[in-house]
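J.: Structure incoming, see below.
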Amino acid sequence: MANIKYKVCVLTVTYGNRWRFLQQVLQRVLSFAEVAQVVVVDNASEISVLKEASALNDDRIKVLVNAENKGSAGGYDQALKYAHRHVAADLVWLLDDDNLPDENALEILLENWQKIPEGNTEKALFCLRTDRKPHIRIARGENPDRYYLVPDNFLGFSIKRIFYNRFLKLKDRFAGEKPFKNRVKIPYVPYGGLLLHQEMIAKIGYPNEAFFLYVDDSEYSYRITQNGGTIWLIPESKVVDIDQSQGIDYRKNLFASPLLDQWNFRIYYHIRNRLHFYSPVTIKNRWLFNLNKTLFLSGLKLISIFSNKQNEYKKLLKAVDDGLAGNLGQADPAKF
């Protein structure tokens with residue numbers, strides 16, 4: 001039987017022409033008895049999301065229509081503010097517009113919410129995103145420090161970790177598959193799958209709109225950890241991404257880099273925002289960080305020469321500079 005002790009408000013942001021995904025998500029979450037309202041932020045979609053959602057004939061759906069795309073940061077900022085100020089729900093559950101929860105995903109989250117003794121401002125829960133390999137490994141007991149907040153890394157590269165990472169990959173090849181834990185700690189997470197209490201929103205605030213797109217979810221959810229709370233990954237509560245992420249089929253060749261081969265606005269924002277978020281948190285030794293930066297960019301420069309991607313490399317350098325300097329906000333398209 002469904003746990004109806006808590007009322008839940010589902011938040012999602014959509015854009016472009018993604019109704020075929022969003023429709024499935026809406027139909028699934030509206031089937032949950034615990035869901036009191038669903039707030040959809042329409043970031044200047046190509047179709048009328050309001051019209052399509054109205055056809056579902058469920059007055060729990062509230063569509064907030066934007067004339068321009070405010071990005072994920074602006075969209076979730078708007079959704080969280082609306083839910084916090086206008087919706088009579090205990091908990092808020094964030095889902096991307098292509099995050100299809102399992103039929104029992106919310107019930108499992110709520111069961112765990114009751115079991116975990118921490119207060120409303122001391123915990124948040126997160127679903128297992130089945131296409132994210134690090135989350136799968138963490139759910140099976142891997143230390144999150146392998147993937148998160150590696151000291152002095154530059155875009156994931158750390159000279160101190162080269163041989164250690166190779167050892168871990170070798171160990172992975174021979175290690176048997178371990179069962180999922182009941183719950184594990186994780187320092188920060190994407191928006192999609194995050195369940196938190198209204199009191200937590202009051203404590204940590206709203207997303208930083210200046211990020212515009214990408215990494216805004218990491219920065220926002222990490223505030224939970226920074227403020228003494230714990231994000232619990234609940235492996236039994238699963239969410240499936242029904243749209244493929246960019247670059248999932250990329251096959252790297254010798255003297256090639258996905259950062260250059262797939263250069264676009266998404267990679268610009270990801271690099272810029274990642275460096276802006278990571279730098280204050282992970283840099284412990286400025287000299288070592290600069291060494292990692294120099295080695296990584298030098299190698300990438302050679303790749304750009306061999307692959308004739310020098311223009312993309314120059315734009316990447318600008319993304320690096322913008323991130324480290326804190327030049328955020330919606331960027332000039334010329335940078336892409």
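J.: May I ask you to say which residue of Val281, Val215, Val240 is of a type outside the set (S, T, N, Q) and in contact with a strand residue (DSSP E or B) (Cβ under 6 Å, 6 or more places away or on another chain)?
T.: Within the list Val281, Val215, Val240, the selection yields Val240.
J.: Separate question: For the subset of the range 230-246 comprising residues that are in contact with a helix residue (DSSP H, G or I) (Cβ under 7 Å, 6 or more places away or on another chain) and not in a strand (DSSP E or B), which member is farthest from Leu125 (Cα to Cα)?
T.: Taking the candidates together, the pick is Gln246.
J.: Only one residue in Leu300, Leu316, Leu324 is surrounded by 18 or more Cβ atoms within 10 Å (Cβ to Cβ) and in contact with a Ser or Thr (Cβ under 8 Å, 6 or more places away or on another chain), so which one is that?
T.: Residue meeting the stated conditions: Leu300.
J.: While we're on this one: Would you mind listing the helices (runs of 4 or more DSSP H) fully within the range 17-98 where at least 2 residues are free of Cβ contacts under 8 Å to residues at least 24 places away in the same chain and surrounded by fewer than 17 Cβ atoms within 10 Å (Cβ to Cβ)?
T.: 49-54, 71-86
J.: Now for a different question. Kindly indicate the residue of the range 290-336 that is under 17 Å from Gln262 (Cβ atoms) and small (Gly, Ala, Ser) and also modelled with the lowest pLDDT among those meeting that condition.
T.: Top of the filtered list is Ser307.
J.: Then there is this: Please find, among Leu295, Leu317, the residue that is over 16 Å from His270 (Cα atoms) and in a helix (DSSP H, G or I).
T.: Leu295
J.: Output the number of the condition that Asp152 fails; it satisfies all remaining conditions of (1) under 24 Å from Tyr191 (Cα atoms); (2) in contact (Cβ under 8 Å) with a residue 12 or more places away in the chain; (3) assigned to a loop (DSSP other than H, G, I, E, B).
T.: Here Asp152 meets the rest and fails (1).
The values are calculated or read from the model by the stated rules, or taken from the named source; none is laboratory data. Every value quoted in this text rests on a predicted model; they were computed, and no experiment measured them. Don't worry about glycine lacking a Cβ; one is built from the backbone with ideal geometry, like all the others, and counts go over all protein chains shown.
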